[in-house]
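Trainee: Dropping the structure in here first, questions after.
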Amino acid sequence: HEVFTKFPPPVALCPRVPFGSITIDGKLDDAAWRDAPVITGFRLSANGKDESKATRVRLAWDARYLYVAFDVDDQQVTGTITQRDGELWREDAVEVFIDANRDGMSYVEYEVSPRGVFYDAAIADYRPEVEWVKDLNHIDIPMSIAIYTVRDTHYAVRVDGTLNEPGDTDRGWVCEMAISWRDIERGTNVDRPVPRHGDVWHIGLFRINVDADRAEYAAWNPTSSWYHVPRLFGRVVFVE
């Protein structure tokens, strides 16, 4: 993965917003979202090339939640999986990986499909000599799902078009998440449950776009053949 180490991890600001200023409904019409910086420039994770359909992400926070909003372009929005914690990465989905204390050994993973199906897992490997590459097969995925379920995290999706209808042309879809600090604390090592001004967390932002003729696995920062490379997550700075 030498090619990816040449790219420094991107940095984004996550502004604090008044509690209650964001409603989780998939609309992104709250004033807090309009004022939030927009993260763009997603690239294919395997080779660093530009994605074919644009991904835009906004971040915000308050005393209770980390807010993450994905707004993606997609002419064919699909989502057939209905089971919670199903293999959402096989279809259209957006994903957030959070390494709260930047140890590179523990993080939480959240995925949402345009069908509104949710996936959550707490992933860890406390052997510092282990490199997070796919062929080591050192992550027990079923266990990571079984041991962790969010309690106070909310999400909503809105499709601009028709889900699972290949006969028309869609415009895209939106996913809005309010991830509670308590859920993050329960699933990963963290210095303090709620960040302070100037704190930096390592967060991976990912988008999967599966059409009839192609599957694109895009990332805010490319991580090679799969997303589980925490040292390559982007850097998020919390600001008041």
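The values are calculated or read from the model by the stated rules, or taken from the named source; none is laboratory data. Owing to the predicted nature of the structure, the values given are computational and were not obtained by experimental measurement. Cβ: placed from backbone, ideal geometry, glycine included. Neighbour counts: every protein chain shown. Please note that ligands, DNA and RNA were not included when accessible areas were found on the heavy atoms of the full protein model with its side chains. Shrake-Rupley method; radii C 1.70, N 1.55, O 1.52, S 1.80 Å.
Trainee: Send over the Kirkwood Rh of the chain, from the inverse of the averaged 1/r over different Cα pairs, rounded to one decimal Å.
Mentor: Roughly 17.9 Å, rounded to one decimal.
Trainee: For the chain, what does the accessible surface come to per residue with a 1.4 Å probe? Please give it in Å².
Mentor: Per residue, the chain has 45 Å² of solvent-accessible surface.
Trainee: Between ASP35 and VAL130, what is the label-point separation in nm under the 7 Å Cα-to-beta-carbon projection?
Mentor: Calculated label separation equals 4.3 nm.
Trainee: Still on this structure: Give, as a single signed number, the net charge of other residues whose beta carbon lies under 11 Å from the beta carbon of LEU205, with Lys and Arg counted +1 and Asp and Glu -1.
Mentor: +2
Trainee: Determine the dipole magnitude for the chain: charges of +1 sit on the beta-carbon of Lys and Arg, -1 on that of Asp and Glu, nothing else is charged, the reference point is the Cα centre, and the result goes in debye to the nearest 20.
Mentor: Using Cβ point charges on Lys, Arg, Asp and Glu, the chain gives about 580 debye.
Trainee: Out of HIS202, SER52, GLN75, whose Cα points farthest toward the positive end of the dipole of the chain (charges: +1 Lys, Arg; -1 Asp, Glu; placed on Cβ)?
Mentor: HIS202
Trainee: For ILE123, what is the net charge nearby, where nearby means another residue's Cβ is under 10 Å from its Cβ and Lys, Arg count +1, Asp, Glu -1?
Mentor: -4
Trainee: Set the Förster radius R0 to 22 Å, insert the Cβ-Cβ distance between LYS53 and ASP25 as r into 1/(1 + (r/R0)^6), and round the FRET efficiency to 0.05.
Mentor: After rounding to 0.05, the efficiency reads 0.40.
Trainee: Can you tell me which of GLY20, GLY79, GLY187 moves the most in a GNM of the chain? Springs connect C-alpha atoms under 10 Å apart.
Mentor: Between GLY20, GLY79, GLY187, it is GLY20 that shows the largest mean-square fluctuation.
Trainee: Under 8 Å for C-alpha pairs, at least 6 residues apart: give me the relative contact order for region 15-74, rounded to a whole percent.
Mentor: 32
Trainee: If you don't mind, another one. How far apart, in nanometres, would the label points at GLN83 and VAL237 be if each is projected 7 angstrom from Cα along the Cα-to-Cβ direction?
Mentor: So the label points at GLN83 and VAL237 sit 4.4 nm apart.
Trainee: 222 nm [θ] for the chain, helices only, -39500 (n - 2.57) per DSSP H run of 4+, per residue, to 500?
Mentor: Helix-only estimate at 222 nm: -2000 deg cm²/dmol.
Trainee: Need the full-extension length gain, ALA46 to ASN101, defined as separation in residues times 0.36 nm minus the C-alpha distance. One decimal, nm.
Mentor: Once the chain is fully extended between ALA46 and ASN101, it gains 17.2 nm.
Trainee: Put a dot 7 Å past each Cα toward the Cβ at GLU165 and TRP226; how far apart are the dots in nm?
Mentor: 3.7
Trainee: Using DSSP to define loop residues, name the chymotrypsin sites (Phe, Trp or Tyr not before Pro) in region 12-71 whose beta-carbon has at most 13 other beta-carbon atoms within 10 Å.
Mentor: PHE19
Trainee: Please identify, among SER52, SER180, SER113, the residue showing maximal mean-square fluctuation in a Gaussian network model of the chain using a 10 angstrom Cα cutoff.
Mentor: Top of the fluctuation ranking is SER52.
Trainee: Between region 167-240 and region 13-59, how far is it from one alpha carbon centroid to the other, in angstrom?
Mentor: Between the Cα centres of region 167-240 and region 13-59 lies a distance of 10 Å.
Trainee: Another question, if that's okay. Suppose R0 equals 30 Å; then what is the FRET efficiency for ILE141 and ASP211 from their Cβ-Cβ distance, rounded to the nearest 0.05?
Mentor: E between ILE141 and ASP211, to the nearest 0.05, is 0.75.
Trainee: Order the following by accessible area, largest value first: MET143, MET105. Probe radius 1.4 Å; ligands, DNA and RNA are ignored.
Mentor: MET143, MET105
Trainee: Taking only C-alpha pairs under 8 Å that are 6+ residues apart, what is the relative contact order of the chain in percent?
Mentor: Computed value for the chain: 29 percent relative contact order.
Trainee: What percentages, rounded to whole numbers, describe P(r) for region 29-106 computed over all alpha carbon pairs with 10 Å bin width beginning at zero?
Mentor: Reading the bins upward from 0: 13, 36, 40, 10.
Trainee: Can you tally the net charge around ASN189? Count Lys and Arg as +1, Asp and Glu as -1, for every other residue whose Cβ sits under 10 Å from the Cβ of ASN189.
Mentor: Value of the local net charge: -3.
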